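Colleague: My questions all concern the structure below.
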Amino acid sequence: MKNQKINSRFAILFNLFLLVSLGLSAQGKQLSIYCTNDLHGHVLKESRDSIIDITYAASLKKNAGSPTLLLDAGDLAYGMPIAAPGFLKDLAALLNLAGYDASTLGNHDFDGGLDELGCRIRESAFPYVSANIKDVVTKKDYLDTFKTEKVPHGASFIKQLDGLSIGIFGLTTIKSACPKTESLEFLCDDNNVGHYKELAKVEVQRLKSKGAKIIIAITHLGLPNNSQELLEIPGLDIIVDGDSHEEYIRYNADSTRVLIQTGTAAQKIGEIKCAINPDKSIKLGKVRLLSFEDVRDIRIDPAIRERESVLRKKVNQMYGPLRYRMTEPLWGASASYFQNNQKKNVEPMRLTQTLLGKLWTYIMLDAWRIKLEKTHMETGKEPWVVLKNGGSFRAGLPEGVVTGTDLFQMCPNNSDVVAVKISHKTLYRLLAQSLNCLRIADDIRTNTVKNSGTFLQWKGVNGTYNKTTSQSTFNFYNTGLSPVPIDPASDKDSCMLITTSYVLNDKTYQIDYNKHRVLTIGKELDLMNIFFNEYYDPEPELPSLMEWLYMNQRINGLTVEGIDEEKKYKPSLHLEYIYDTGDKLKNANRAVNCDVRYTIYNQGKKSSHFGNTDASATLTIPADIVGVAVVTIECDIEIQLRDGRKVYSTVRGEGYLDPLIGCGVKYPAFVKLKP
């Protein structure tokens, strides 16, 4: 009897132990999701330590254990040379080896055209999904064309992973529509342009009806395209977002659904941890954006690092250093200013004439002249004009030796440069239409119209704009010593237009021309490589390239009545820094009362200075500036960590000054400093 009691107690204790063990085991099992978006080709190791290259993304997935997903929300390739057609198969093999489970399409995934995109999709071992891209003729899902037994490309699919049924669908912004996608239709909600909630609801219900217990949306939308509305959809668990290059983690009211975007260019990677419920659904756990500091010590998969290294060397051989050295940086990115305690962004290339625009149009003109000499073509004495859309610029040129990678980053679309005759009437309309996009210092702060990529950088003309009447006048400035007015009503007078195939054929511009009389000059990147390999600055007594660009900016520029761009000013900059060490990050801090080392690039001259920020983190520069300038900044700051410790770090950044759009003049230019 006594032994029976002992055995009974032992059985009870054993069963309790077994139940607790099983409970702990079930409690410990989780689904891990890692996500990227808007990588724009930053998948290879770079000189910048902050880049989370493909080896880290792949290793995070491999080290996390099962079940784990690796997802991408579009614009994966275009922006770096890795997206060039010659590396298409190499890139696909690298992404396949990395272990991506699904991706959607972003607007820049179409930059190379449908044939090039189609080749990339066919090489992919993971599915591309988007539920709102239809074939114009058949009305079927565009991605269904590529579906195979092994790879379920299409609107959506269900992934079976360790007993979990995970439904994944995609959505792509309607701004993907362009001349290269004329055979496709990009849908949004009926009678609600720019919203996608109803489309997403349909996909959620479809996947639920097919047995999916977990639903994930991969969307290339961003907050400007109302992606936050998807948080309201019952049954949708996770939204991996992209397009707007922002960093955010947002939840619905009861924190059961999450929307995440990781910024751009592999600066961050998203991590989502989910507990697995007994019914194989999930409960959200920890969600965070990982920086390089968070991942630098993880165990790297040697196979993926070897493949990445081989491809990196191959790319660098083709897009390495050229002969010419830039004596100062040319700005081509967004610029920021600080107003009412907030950072605001503008894009100079889409707002006004810039030095980078003058350089690019000069090289296009030079290539046209060389083409004429080689072909012995005559064009008569008619005037010429060079036009390039500001929205096609993606980056600027840094100081130092120019590389093929710099050029590719600056203009990855690589359109054909072409020449064709157009009327003065057509040219005037194009230039006037471009100025409809103009935002100047007095109204850029309140005007909600988004910067337009249709704004034209030009050469061969100058313009005057009256901001009171919105009237504009334009003159040719290449027919002699005196400017020649462009007649807005003349269909008979013609001029030679040198532009890109994109501008020539984009419906926004509606250029009327003879399709049989178009002269193709060459690819943009080819012409750029030739120029920077062959150009040398002239003798000291003649203007250098930079001095010439500043001079050309005045002659072939844009004058806004009431704004004197030649007037000297003493600029100001607002400095904030990000010290990012994962959980140790306190916040973004203002560089208050800091010693600052800064360099000014202005009017072809470079000067170094020392200064101090005040109690509001504003650096006021006592030197007189004329026109546009770039300021690079370096300072040593004290960081207060969450655990109370203080560390010191050197942080760096750069700011853009422009009296026309007000940066650094009417309001302090905003500079984000990073280690």
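The values are calculated or read from the model by the stated rules, or taken from the named source; none is laboratory data. On a predicted model such as this, the values are computed, not experimentally measured, just so you know. Don't worry about glycine lacking a Cβ; one is built from the backbone with ideal geometry, like all the others, and counts go over all protein chains shown. Accessible surface is based on the protein model in full, side chains and every heavy atom, while ligands, DNA and RNA are left aside. Shrake-Rupley method; radii C 1.70, N 1.55, O 1.52, S 1.80 Å.
Colleague: In deg cm²/dmol, rounded to 500, what helix-only [θ] at 222 nm does the chain give when every DSSP H run of at least 4 residues adds -39500 (n - 2.57) and the total is split over its residues?
Modeller: Value at 222 nm, helices only: -7500 deg cm²/dmol.
Colleague: Please give the peptides 329-339, 531-541, 597-607, 514-524 ranked by average Cβ packing (other Cβ atoms within 10 Å per residue), highest first, as a rough proxy for protection.
Modeller: 329-339, 597-607, 514-524, 531-541
Colleague: Which entries in the list Lys459/Lys492; Lys371/Lys606; Lys140/Lys515 go over 26 Å, if you measure between the two C-alpha atoms of each?
Modeller: Over 26 Å Cα-Cα: Lys371/Lys606; Lys140/Lys515.
Colleague: Give me the number: length gained by fully extending Lys374 to Asp614, i.e. 0.36 nm times residue separation minus the C-alpha to C-alpha distance, one decimal in nm.
Modeller: So the extension gain works out to 80.4 nm.
Colleague: May I ask for the angle, rounded to the nearest 10°, between helix 302-318 and the longest principal axis of the chain, with both axes built from Cα atoms and the value confined to 0 to 90°?
Modeller: In the chain, helix 302-318 runs at an angle near 10 degrees to the longest axis.
Colleague: At 7 Å along the Cα-to-beta-carbon direction for both Arg554 and Lys147, put a label point, then send me their distance in nm to one decimal.
Modeller: 6.4 nm
Colleague: What is the packing order of peptides 264-277, 64-77, taking the mean over residues of other C-beta atoms within 10 Å and listing the highest first?
Modeller: Final packing ranking: 64-77, 264-277.
Colleague: Moving on to the next point. On C-alpha positions alone, give me the angle between the axis of helix 114-123 and the longest principal axis of the chain, in degrees, nearest 10.
Modeller: 30 degrees
Colleague: Right, here's the next one. Could you list, in their original order, any pairs among Lys344/Lys570; Lys45/Lys213; Lys381/Lys605; Lys268/Lys344; Lys134/Lys208; Lys313/Lys523 whose Cα atoms are separated by more than 29 Å?
Modeller: Distance filter (> 29 Å) returns Lys45/Lys213; Lys381/Lys605.
Colleague: Let me ask something else. If I model a spin label at Lys467 and Lys175 as a point 7 Å from the Cα along the Cα→Cβ vector, what separation in nanometres do I get?
Modeller: 2.4 nm
Colleague: Say a paramagnetic label sat at a point 7 Å from the Cα of Lys674, along Cα to Cβ; which residues of the stretch 395-411 have their backbone N under 16 Å from it?
Modeller: 395-396, 398
Colleague: Any chance you could run the full-extension gain for Asp279 through Glu246? It's 0.36 nm times the residue separation minus the Cα-Cα distance, nm to one decimal.
Modeller: 8.4 nm
Colleague: A further question on this structure: Below 14 angstrom from the Cβ of Gly611, what's the summed charge of the other residues (Lys, Arg +1; Asp, Glu -1)?
Modeller: -2
Colleague: Could you give the length gained by full extension between Asn514 and Tyr535, i.e. 0.36 nm per residue of separation minus their alpha carbon distance, to one decimal place?
Modeller: Here the answer is 4.2 nm.
Colleague: Let me ask another. Heavy atoms of the protein only, probe of 1.4 Å, neighbouring chains included. What is the accessible area of Ile363 in Å², nearest 10?
Modeller: Spelled out: Ile363, probe radius 1.4 Å, area about 10 Å².
Colleague: So, in nm, how far is label Glu634 from label Val647 when the simple model puts each one 7 Å beyond its Cα toward the Cβ?
Modeller: Output for this residue pair reads 2.0 nm.
Colleague: Hey, any idea what % of the chain's accessible area is carbon plus sulfur with a 1.4 Å probe?
Modeller: Carbon-and-sulfur percentage of accessible area, whole number: 50.
Colleague: Evaluate the relative contact order of the stretch 243-339 (contact order divided by residue number), counting alpha-carbon pairs under 8 angstrom at least 6 apart; express in whole percent.
Modeller: Answer for the stretch 243-339 is 16 percent.
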